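Each remark here refers to the structure printed beneath this line.
The values are calculated or read from the model by the stated rules, or taken from the named source; none is laboratory data. Remember, predicted model here, so these are calculated numbers, not experimental data. Every residue, glycine among them, receives a Cβ derived from its backbone with ideal geometry; neighbour counts consider all protein chains shown.
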């Protein structure tokens, strides 16, 4: 297996829905939006997920993943801990914070079980505890010897894939409609990755009032399938 094929295999592993970190159990407020009648079909789901990608993920989590990956590659413990703390502080509801911490912790445990962490990764994960998903993802990509560019692209894709899967279950949408959405929104990932990697530190933002309100209301939703 040559270097490019090996990296591709590791990227597919990180992006796989079978990665045992519980991503399938989170909707990030989408379940409440469906119950409230805000997201009712493929068009409204596409608009909601696309807006989150542009206004929340690209200038927020994606930008921080880029910096966390940079810090992990350089073994910069201080920068890594600071950006991990930034992610925790940016969560506006208990559900969103629990989501990133639970998935981050699960990913670190998996990488430890696989023996893919070196001394730096072990120390960084312990020092950052409770570790967030973006931070754990950066360490996992480093453990798999994946480049920063590929790490960012994979993180964005895995987020998009999970949101579309949630929409398919909740709205509900057909499988073909879900694939059409992935095809259309996937075409926007390159621009999202470019923005995430070029945005200035002071411009990074996860300000998304609609997401915060949906998540807060989901916390008291009477019936639900998802944890967020």
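Only one of (1) over 13 Å from the mean Cα position of the chain (by Cα); (2) surrounded by 15 or more Cβ atoms within 10 Å (Cβ to Cβ); (3) free of Cβ contacts under 8 Å to residues at least 40 places away in the same chain is not met by residue 97, so which one is it?
Against the list (1) over 13 Å from the mean Cα position of the chain (by Cα); (2) surrounded by 15 or more Cβ atoms within 10 Å (Cβ to Cβ); (3) free of Cβ contacts under 8 Å to residues at least 40 places away in the same chain, residue 97 comes up short only on (1).
Of everything in segment 100-137, what is surrounded by fewer than 18 Cβ atoms within 10 Å (Cβ to Cβ) and in a loop (DSSP other than H, G, I, E, B)? Give them in sequence order.
115, 116, 118, 129, 130 - these are the residues of segment 100-137 that are surrounded by fewer than 18 Cβ atoms within 10 Å (Cβ to Cβ) and in a loop (DSSP other than H, G, I, E, B).
Quick one: residue 140 ticks every box in (1) in a helix (DSSP H, G or I); (2) over 16 Å from the mean Cα position of the chain (by Cα); (3) closer than 24 Å to residue 122 by Cα bar one, so which box is it?
Answer for residue 140: the failing condition is (2).
With the condition being under 13 Å from the mean Cα position of the chain (by Cα), I'd like the helices (runs of 4 or more DSSP H) fully within segment 1-74 carrying at least 3 qualifying residues. Write out each step before concluding.
Values: elements: 3-15, 30-36, 42-52, 63-74.
Hits in segment 1-74: 63-74.
How many of the residues making up segment 142-162 are within 14 Å of residue 75 (Cβ to Cβ) and either surrounded by 24 or more Cβ atoms within 10 Å (Cβ to Cβ) or in contact with a strand residue (DSSP E or B) (Cβ under 9 Å, 6 or more places away or on another chain) (or both)?
Matching residues across segment 142-162 total 1.
Return the only residue of 71, 58, 23 being farther than 17 Å from residue 217 by Cβ, crowded, with 19+ Cβ neighbours inside 10 Å and either touching a strand residue (DSSP E or B) at 6+ places or on another chain (Cβ under 6 Å) or modelled with pLDDT under 90 (or both). Write out each step before concluding.
Working: 71 fails: either touching a strand residue (DSSP E or B) at 6+ places or on another chain (Cβ under 6 Å) or modelled with pLDDT under 90 (or both); 58 fails: either touching a strand residue (DSSP E or B) at 6+ places or on another chain (Cβ under 6 Å) or modelled with pLDDT under 90 (or both).
The unique qualifying residue is 23.
For segment 168-197, which positions are outside any helix (DSSP H, G or I) and either touching a helix residue (DSSP H, G or I) at 6+ places or on another chain (Cβ under 8 Å) or over 17 Å from residue 51 (Cβ atoms) (or both)? Give the steps one after another, and end with the answer.
Here is the first cut: in segment 168-197, the residues outside any helix (DSSP H, G or I) are 171-174, 187-188.
Across segment 168-197, the qualifying residues are 171, 172, 173, 174, 188.
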